[in-house]
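Read through the structure below, which is laid out as structure tokens, and then see the notes.
The numbers here are math on the coordinates, done by the rules we state, and not lab data. Treat the numbers as computed from the prediction; the structure is a model and nothing was measured. No Cβ is skipped: glycine too gets one built from the backbone with ideal geometry, and neighbour counts run over all protein chains shown.
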Amino acid sequence: MLLGCKFFEQGCRRRKASGKSRNSPTDERTDERGEEGGPDEAVAFIAETVAELVKLAERHRLEVLSHLLGMAQLEAEERLRTRSKHKLS
């Protein structure tokens, strides 16, 4: 299920396009958080969020999900490290 609706169900409500481009600085996604962030902030947020999800999956003994989330966490942390190295040089 996707947001309480079956994926192929015709009666499922979908969000309407806002008319704004996805790269607009006033994008709804940035409005919800009250900030504008670039790729560095996005990667940091993802790394933190996925770390919490890994703990949750481990607590509930969801081994495969925990493993996959752990891989996503490693990828995000690696991107943080490589971007930091590029900024220093």
Extended-chain gain in nm, criterion 0.36 nm per residue less alpha-carbon gap, Leu88 and Phe45: 13.4 nm
Going residue by residue through region 67-73, the Karplus relation 6.51 cos²θ - 1.76 cosθ + 1.60 with θ = phi - 60° gives ³J(HN,Hα) values, rounded to whole Hz and with x marking Gly or Pro, of 5, 5, 5, x, 5, 5, 5
Environment charge at Leu56 (Cβ cut-off 14 Å; Lys +1, Arg +1, Asp -1, Glu -1): -1
When only alpha-carbon atoms are used, what values of Rg and Dmax, in angstrom, describe region 46-89? 12.5, 43
